[in-house]
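See structure below.
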Amino acid sequence: MSQPAGADEPDQKRVELFTDGACSGNPGPGGWGVVLRYGDHERELHGGERATTNNKMELTAVIEGLAALTRPMPHVRVFSDSTYVLKGISEWMKGWKRNGWKTSAKQPVKNAELWQRLDAEVQRHGEVEWNWVKGHSGHPENERADKLACKGRDESRS
């Protein structure tokens, strides 16, 4: 891949986040996991809650991954198997914000506090690119994020 004149080493300004959420029961104990990649460096993050939903854990994974970045990045690629997260950020959020965090049916947006946190994290960075991956299909980083989410879920039970 060619770089613009004056650019740093290839991909040194690009961060990739591979995220996943898990829940046993919905609601139930849940967890989130993130594989964060910056150049040759990788970091794994996970956490969980005793009583939550899968959608909350999917959102939390992306929020925690972006929050872990210690400085604004010019380009972040987020990979998620959650159509809820991807449609929310790319299709629905603009309308929710315009409508005061209400849906088109004038109902409060579910998980609005998480969507607002996600919006704030996204605003810290340059371009955030959203990518869907099919869950449980052998995608290596998605499988790792899933294992981390399950670890967070299991730890939240104790």
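Each value in this text was obtained by applying a stated rule to the coordinates, not by laboratory testing. Since we're looking at a predicted model, the values are computed, not measured. Backbone-built Cβ (ideal geometry, glycine too); neighbour counts: all protein chains shown.
Some values worked out for this structure:
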{"item": "Qualifying positions in the range 96-111 - in a loop (DSSP other than H, G, I, E, B) and of a type in the set (Phe, Trp, Tyr)", "result": "101"}
{"item": "Hits in the range 13-62 - residues which are touching a helix residue (DSSP H, G or I) at 6+ places or on another chain (Cβ under 8 Å), among the polar types (S, T, N, Q) and farther than 17 Å from residue 158 by Cβ", "result": "19, 26, 55, 60"}
{"item": "Residues satisfying the stated conditions in the range 112-158, i.e. over 27 Å from residue 72 (Cα atoms), touching a helix residue (DSSP H, G or I) at 6+ places or on another chain (Cβ under 9 Å) and in a helix (DSSP H, G or I)", "result": "153"}
{"item": "Subset of the range 79-95 [surrounded by 14 or more Cβ atoms within 10 Å (Cβ to Cβ) and assigned to a helix (DSSP H, G or I)]", "result": "84, 85, 86, 88, 89, 92, 93"}
{"item": "Pairs, first within 17 Å of residue 43 (Cα to Cα) in the range 132-151, second assigned to a helix (DSSP H, G or I) and small (Gly, Ala, Ser), C-beta under 9 Å, six or more apart", "result": "145/61; 148/61; 149/61"}
{"item": "Hits in the range 114-150 (condition: crowded, with 16+ Cβ neighbours inside 10 Å and either among the hydroxyl-bearing types (Ser, Thr, Tyr) or in contact with a Pro (Cβ under 9 Å, 6 or more places away or on another chain) (or both))", "result": "125"}
{"item": "Every residue from the range 29-84 that is of a type in the set (Gly, Ala, Ser) and touching a residue at least 60 places away in the same chain (Cβ under 8 Å)", "result": "30, 31, 33, 47, 48, 61, 80, 82"}
